[in-house]
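K.L.:
Structure provided below as structure tokens; questions to follow.
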Amino acid sequence: MIQIPPDVKAEMHKDHAGARRSPIFPERGLIFVVIWKNASASLRSVIADVSNGQKLTGLGFEDHARTKVMTIPRASISACSNCTTIAIVRHPLDRFMSCYWDKSKNKIWCKRNKRPTGESLNTWIDWVCAESDTNLDPHLRTQNWFLTSNGKHINADLIRFEGLPDTALEVLKRHNFADYFYRSHVGRNRAKQKERARWQSLTYRQVRRLTKRYAVDFRRFDYRLPVTLEATDA
């Protein structure tokens, strides 16, 4: 059972886990840092439903995306003890291209972010490279932003998006989750590997600019470019 200080417990409440809050599952000894655009929202909803005794057979991620969970401020994670903190990380270029294809034509999202609908990829890259994390929508912030609090790194067991569902199962099994539900629902994320073909079609200039913009993620989470791109970039 997680040891939660009284002042942190006073800040706990149920919500959809925004960018500055993290789901907490005291009975599982688990805190989950949700990094947007990494299948994190789906996983935290599935964990919440299973923890609440709901049966997931036949349901997909979208059916659980609205689940509210108990959360705490990310800044309070370090104050908790006797727990494991986890997070899903993803190749920075995969994540950026996924956001571009998903959001650039979404009228509601573009209006909220004061962007024209259907902007070109180069225009998006110009925008993202010119702004700091705090001025961007959470989907486009660095993953390091989510795993940093008060200037300090949040230590977490990292689940690689590229290896789902197996990378998550290794962690979830340690918290007494049956693996059938996760394998059946997260397994289809393997289809998202097609997005890798999208970023591999980027021009070298685009790759260089995005690699520089998300350099902190490449370094902290040990991601690399294909050898051919690294050689050309040199």
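The values are calculated or read from the model by the stated rules, or taken from the named source; none is laboratory data. Quantities reported herein were computed from a predicted structural model and do not represent experimental measurements. Neighbour counts run over all protein chains shown; Cβ positions are idealised from the backbone, glycine included.
The rows are residues; the columns are (1) surrounded by 18 or more Cβ atoms within 10 Å (Cβ to Cβ); (2) over 24 Å from A130 (Cα atoms); (3) modelled with pLDDT under 55.
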{"position": "L164", "(1), (2), (3)": "yes, yes, no"}
{"position": "E170", "(1), (2), (3)": "no, yes, no"}
{"position": "Y180", "(1), (2), (3)": "no, yes, yes"}
{"position": "G187", "(1), (2), (3)": "no, yes, yes"}
{"position": "K192", "(1), (2), (3)": "no, yes, yes"}
{"position": "R198", "(1), (2), (3)": "no, no, no"}
{"position": "L202", "(1), (2), (3)": "yes, no, no"}
{"position": "R209", "(1), (2), (3)": "no, no, no"}
{"position": "R220", "(1), (2), (3)": "no, no, no"}
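K.L.:
Okay, next question. Among the residues of segment 31-46, what is the count of those that are out of contact with any strand residue (DSSP E or B) (no Cβ under 6 Å at 6 or more places or on another chain) and without any contact (Cβ under 8 Å) to a residue 40 or more places away in the chain?
P.N.:
Result for segment 31-46: 2.
K.L.:
On the given criteria, is A215 crowded, with 18+ Cβ neighbours inside 10 Å, closer than 28 Å to I86 by Cβ, modelled with pLDDT of 90 or more and among the small types (G, A, S)? Before you say what the answer is, go through the steps one by one.
P.N.:
Working: crowded, with 18+ Cβ neighbours inside 10 Å: no; closer than 28 Å to I86 by Cβ: yes; modelled with pLDDT of 90 or more: yes; among the small types (G, A, S): yes.
It is false that A215 is crowded, with 18+ Cβ neighbours inside 10 Å, closer than 28 Å to I86 by Cβ, modelled with pLDDT of 90 or more and among the small types (G, A, S).
K.L.:
Do any residues in segment 207-219 that are outside any helix (DSSP H, G or I) have Cβ atoms under 9 Å from those of residues that are among the charged types (D, E, K, R), where the two are at least six apart or on different chains, and which pairs are they?
P.N.:
Correct list of pairs: Y214/R95.
K.L.:
Here's a follow-up. Tell me yes or no: at least one residue of segment 138-145 is in contact (Cβ under 8 Å) with a residue 24 or more places away in the chain, surrounded by 14 or more Cβ atoms within 10 Å (Cβ to Cβ) and among the aliphatic types (A, V, I, L, M).
P.N.:
We begin by selecting, within segment 138-145, every residue in contact (Cβ under 8 Å) with a residue 24 or more places away in the chain; these are 138-144.
From the residues that got through so far, the ones that are surrounded by 14 or more Cβ atoms within 10 Å (Cβ to Cβ) too are 138-144.
Okay, now just the ones that are also among the aliphatic types (A, V, I, L, M), so 140.
Yes, segment 138-145 contains at least one residue that is in contact (Cβ under 8 Å) with a residue 24 or more places away in the chain, surrounded by 14 or more Cβ atoms within 10 Å (Cβ to Cβ) and among the aliphatic types (A, V, I, L, M).
To keep it simple, each residue is scored yes or no on (1) at pLDDT below 90; (2) assigned to a loop (DSSP other than H, G, I, E, B); (3) out of contact with any Ser or Thr (no Cβ under 9 Å at 6 or more places or on another chain).
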| position | (1), (2), (3) |
| --- | --- |
| D7 | no, no, no |
| A19 | yes, yes, yes |
| P23 | yes, no, no |
| W36 | no, yes, yes |
| S45 | yes, no, no |
| I86 | no, no, yes |
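K.L.:
Surrounded by fewer than 18 Cβ atoms within 10 Å (Cβ to Cβ), within 23 Å of H91 (Cβ to Cβ) and in contact (Cβ under 8 Å) with a residue 12 or more places away in the chain: does that describe N150?
P.N.:
no
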